[in-house]
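Shown next, in structure tokens, is the structure this report addresses.
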Amino acid sequence: MSKKILCVVGARPNLMKIAPVIKALKAGPNPFDVCLLHTGQHYDSSMNDQFFAALGIPKPNINLDVGSASHAVQTAEIMRRFEPVLEQEAPAAVLVVGDVNSTIACALVATKMGVKVVHVEAGLRSYDRGMPEEVNRVLTDQISDILFTTERKAMDNLLREGISADRVHFVGNVMIDTLFSQLPHATPMLETLRQSGISKTFLNGKTDYGILTLHRPSNVDDVNVLRSLLITVADISQTLPIIFPVHPRTRGRIESYGLMELITSVNIALLRPQGYLEMLGLIKDARLVLTDSGGIQEETTALGVPCITLRHNTERPITVTEGTNTITGTDSQQIHAAVKYVLLTGGKAGKSPEFWDGEAALRIAAVLHDWLGTTQQHHVA
Ligand code: UD1
């Protein structure tokens, strides 16, 4: 009988990671029985539903419908609702991805119930415990039975935390599996602008533009940091038009702090949160990307597009050492200097990191078959 793996998603960045994993688990002569659970952490259609359609992710078998709340309440509510489901489903393993609250909540319930935990995208560390994601990463890795990493440096981080090397497998980056498979279907930039009702005059007949994304609490919850970032971007937009798909958290903060006027009178196109194919189309042809996202640092490296990260650190150092990423923090002068460098030189050349080759999910499936004793060889024996 095929073994059941319960896969967990909760927030937008989980969706591009789980898509190739589910496909690989269901493939081959001896497919796993995949049960997909959505915690409901992200629920807006623009943050959720349209990604399922674009990425071909099956409809979740179970939705916990937790919605937004404080970190403690959201995490606790996921745990409370997940426990009876896990008891009923009784999978051979629970597979979690990334570093959101849904990741740690479901991993913790599983481990307490004696169910094996698999963590995809393990071992990334910013060494900044002020980031909620960093806490989620450290704790999830501690209680995972099998850990899949995207870059070699992740192993050093895990060994330092006492995790034994035989639980860790370097398989590459599943998000880049999705990127390569979806690239031919990316929505052209002009189509996205048209659908967003952005006037044709926005680009002044040129094709050069930059992208901005912002959603980290450290950038958008502090009014002074957010104001300074928006002023800096407004300055940049006088040289390079900026397309800014606005995360719901960020829009809420900009409005409640009364900062909207800083970015409405200039060359900035404000868009709703975009779907995966729209975002891919915007990023691939951008002159540069300004972001505080983790995933976009990786996507720009895979696409060879210059990335300027508006944070003081990154948990994805390979995007800096091998890729196109530059960390500037939030200081206006540093950001201006990095933008100027890109506009003058085209930015760092960068190369695609090892195993960011579109096959990471297949490597994961192979390890899991071996681990759960479901390979054909095991059956034959
Ligand atoms: C979460 C993840 C973050 C990830 C990000 C991607 C954690 C700790 N953080 O942050 O790692 O990079 O998702 O988006 O899990 N909201 C909506 N509609 C939605 C979802 C959220 O309006 O569908 C608003 C709500 O006001 C909510 C706020 O956004 O309170 C924050 O949402 P939440 O999921 O708690 O965290 P994110 O900031 O999205």
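The values are calculated or read from the model by the stated rules, or taken from the named source; none is laboratory data. Remember, it's a predicted structure, so these values are computed and weren't measured experimentally. Note that each Cβ is placed from the backbone with ideal geometry, even for glycine, and that neighbours are counted across all protein chains shown. Just the protein is used for accessible areas: all its heavy atoms, side chains included, with ligands, DNA and RNA removed. Shrake-Rupley method; radii C 1.70, N 1.55, O 1.52, S 1.80 Å.
Does Leu270 satisfy being farther than 28 Å from Ala349 by Cβ and open to solvent by 10 Å² or more (accessible area, probe 1.4 Å)? Even if it seems obvious, please write down each step before you answer.
Values: farther than 28 Å from Ala349 by Cβ: yes; open to solvent by 10 Å² or more (accessible area, probe 1.4 Å): yes.
Yes.
For region 10-34, how many residues meet the condition of being away from the ligand (no atom under 16 Å from the Cβ), outside any helix (DSSP H, G or I) and buried (at least 20 other Cβ atoms within 10 Å of the Cβ)?
The qualifying residues number 2.
So Gly130 passes all but one of these: (1) part of a loop (DSSP other than H, G, I, E, B); (2) within 30 Å of Gly252 (Cα to Cα); (3) open to solvent by less than 40 Å² (accessible area, probe 1.4 Å). Which condition number does it fail?
(3)
Looking at the structure I just gave you, is Val73 open to solvent by 10 Å² or more (accessible area, probe 1.4 Å), more than 12 Å from the ligand (Cβ to nearest atom), more than 22 Å from the chain's Cα centre (by Cα) and at pLDDT 95 or above?
Numbers: open to solvent by 10 Å² or more (accessible area, probe 1.4 Å): yes; more than 12 Å from the ligand (Cβ to nearest atom): no; more than 22 Å from the chain's Cα centre (by Cα): yes; at pLDDT 95 or above: yes.
The answer is no for Val73.
Exactly one of (1) in a loop (DSSP other than H, G, I, E, B); (2) touching a Lys or Arg at 6+ places or on another chain (Cβ under 8 Å) is unmet by Glu298. Its number?
Only one criterion in (1) in a loop (DSSP other than H, G, I, E, B); (2) touching a Lys or Arg at 6+ places or on another chain (Cβ under 8 Å) is unmet by Glu298, namely (1).
Could you check how many residues of region 35-47 are closer than 12 Å to Leu15 by Cα and either open to solvent by 30 Å² or more (accessible area, probe 1.4 Å) or more than 12 Å from the ligand (Cβ to nearest atom) (or both)?
Going through region 35-47 one residue at a time, the tally reaches 3.
Within region 276-289, is there a residue that is within 22 Å of His312 (Cβ to Cβ) and within 16 Å of the ligand (Cβ to nearest atom)?
In the first step, residues of region 276-289 are kept if they are within 22 Å of His312 (Cβ to Cβ); the result is 288-289.
Pick out the ones that are also within 16 Å of the ligand (Cβ to nearest atom) and you get 289.
Yes: region 276-289 contains one or more residues that are within 22 Å of His312 (Cβ to Cβ) and within 16 Å of the ligand (Cβ to nearest atom).
Out of curiosity, is Gln182 open to solvent by 10 Å² or more (accessible area, probe 1.4 Å), away from the ligand (no atom under 16 Å from the Cβ) and in contact with a helix residue (DSSP H, G or I) (Cβ under 8 Å, 6 or more places away or on another chain)? I'd like the intermediate steps shown before the answer.
Working: open to solvent by 10 Å² or more (accessible area, probe 1.4 Å): yes; away from the ligand (no atom under 16 Å from the Cβ): yes; in contact with a helix residue (DSSP H, G or I) (Cβ under 8 Å, 6 or more places away or on another chain): yes.
Here the answer is yes, as Gln182 does meet what is asked.
In region 112-127, which residue that is at negative phi and within 14 Å of the ligand (Cβ to nearest atom) is surrounded by the most Cβ atoms within 10 Å (Cβ to Cβ)? Don't jump to the end; show me each part of the working.
First, pick out the residues of region 112-127 that are at negative phi: 112-113, 115-120, 122, 124-126.
Going one step further and asking which of them are within 14 Å of the ligand (Cβ to nearest atom), we end up with 124, 126.
Details: Leu124: 24, Ser126: 19.
Out of the qualifying residues, it is Leu124.
Search region 86-108 for residues being open to solvent by 10 Å² or more (accessible area, probe 1.4 Å) and more than 12 Å from the ligand (Cβ to nearest atom), and hand back the single one that is farthest from Thr140 (Cα to Cα).
Gln88
Pairs under 9 Å by beta carbon, first residue at positive phi in region 323-338, partner part of a loop (DSSP other than H, G, I, E, B), six or more apart or different chains?
Gly329/Leu310; Gly329/Arg311; Gly329/His312; Gly329/Asn313
I'm checking my understanding of the structure. Among residues of region 198-227 that are more than 25 Å from the chain's Cα centre (by Cα) and in contact (Cβ under 8 Å) with a residue 40 or more places away in the chain, which one is surrounded by the fewest Cβ atoms within 10 Å (Cβ to Cβ)?
Thr207
What number goes with the only condition from (1) under 22 Å from Lys17 (Cβ atoms); (2) surrounded by fewer than 18 Cβ atoms within 10 Å (Cβ to Cβ) that Asn173 does not pass?
Every listed condition holds for Asn173 apart from (2).
Conditions: (1) more than 16 Å from the ligand (Cβ to nearest atom); (2) within 17 Å of the chain's Cα centre (by Cα); (3) under 23 Å from Asp49 (Cβ atoms). Arg249 meets all but one. Number of the miss?
Looking at each condition in turn, Arg249 falls short on (1).
Looking only at region 137-147, which residues are within 19 Å of Thr314 (Cα to Cα) and out of contact with any Ser or Thr (no Cβ under 6 Å at 6 or more places or on another chain)? Spell out the reasoning first.
Step one: of region 137-147, the residues within 19 Å of Thr314 (Cα to Cα) are 137-141.
Within region 137-147, Arg137, Val138, Leu139, Asp141 meet the criteria.
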